[in-house]
Amino acid sequence: MRAVATEKAPKALGPYSQGFVHEHILYSAGQIALDPATGELVAEDIAGQTEQVCRNLKAVLEAAGSSFDKVLKTTCFLADMGDFAAFNEVYGKYFTSKPARSCVAVKTLPKNVLCEVEVIAVTE
């Protein structure tokens, strides 16, 4: 196993890694809309937060030797399913290969963000 760490994505908020690669598969931690340089929340609306989440995921994917087109599965967490359409519009710009996906509404996310996304991707 190989831990994935990049300064281009936010540091972990707790005792976990940004991701791990095992047998050419990346298992990422969930990314939220934090600016990697400041650790501060970026945007207050779902579209702006989803954009930052995708930028953070891109950094983790690249650090693992992968990309959006190699994502097999995403798990998406929304604070409000009423944000689904706006979230999906931004998400669709990045995940053009249409990986398998689960999307659920949750009561609360870290730092009270509106969305969080994790990925499983091929790294070869």
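Odds and ends about this structure:
- Cβ-based exposure ranking for Phe87, Phe77, in which fewest neighbours within 10 Å come first: Phe77, Phe87
- Highest-MSF residue in the chain out of Gly14, Gly82, Gly65 [GNM, Cα springs under 10 Å]: Gly14
- Translational diffusion coefficient (Stokes-Einstein; Kirkwood radius from C-alpha pairs) of the chain at 10 °C, 1.306 mPa s, in µm²/s: 112
- Footprinting exposure proxy for Glu7, Glu62, Glu23, Glu118 (fewest neighbouring C-beta atoms within 10 Å first): Glu23, Glu7, Glu62, Glu118
- HN-Hα J in Hz across segment 46-51 - Karplus 6.51, -1.76, 1.60, θ = phi - 60°, x for Gly and Pro: 5, 5, x, 5, 5, 4
- Per-residue extension of 0.36 nm, minus the Cα-Cα distance of Tyr16 and Asn112, leaves a gain of 32.7 nm for this segment.
- Count Lys and Arg as plus one, Asp and Glu as minus one, and take only other residues whose Cβ is under 14 Å from that of Cys103; the net charge is then -2.
- Among Cys115, Cys76, the order by Cβ neighbours within 10 angstrom, fewest to most, reads Cys76, Cys115.
- Between Pro36, Pro15, Pro110, the residue with the greatest mean-square fluctuation in the GNM of the chain (Cα pairs under 10 Å linked by springs) is Pro15.
- Applying the Karplus relation 6.51 cos²θ - 1.76 cosθ + 1.60 with θ = phi - 60° to segment 52-66 yields 3J(HN,Hα) values of 5, 4, 5, 5, 5, 4, 4, 5, 5, 4, 4, 5, 8, x, 10 Hz, where x marks Gly and Pro.
- Backbone amide hydrogens, once placed in the peptide plane, bring Thr123 within less than 5 Å of Ile25, Leu26, excluding anything fewer than 5 places away on its chain.
- Checking every one of the chymotrypsin sites (Phe, Trp or Tyr not before Pro) in segment 1-53 against DSSP loop status and a limit of 13 other Cβ atoms within 10 Å picks out Tyr16.
- The mean sequence distance of close C-alpha pairs (under 8 Å, at least 6 residues apart), as a share of the length of the chain, puts its relative contact order at 32 percent.
- Straight-distance crosslink candidates among aspartates and glutamates, where the alpha carbon sits under 19 Å from Lys107 and sequence neighbours closer than 8 are dropped: Glu44, Asp45, Asp80, Asp83, Glu116, Glu118
- Cα gyration tensor shape for segment 16-67, rounded if a/c is under 1.5, else prolate or oblate: prolate
- Taking other residues whose beta carbon is less than 14 angstrom from the beta carbon of Asp69, and scoring Lys, Arg as +1 and Asp, Glu as -1, yields +3.
- Applying 1/(1 + (r/R0)^6) with R0 = 22 Å to the Cβ-Cβ distance of Glu44 and Arg2 gives a FRET efficiency near 0.05.
Computed from the coordinates by the stated procedures, all read-outs in this text should not be read as laboratory data. Note that the structure is predicted; figures quoted are calculated from it, not measured. With ideal geometry, Cβ positions are generated from the backbone for all residues, glycine too; neighbour counts draw on all protein chains shown.
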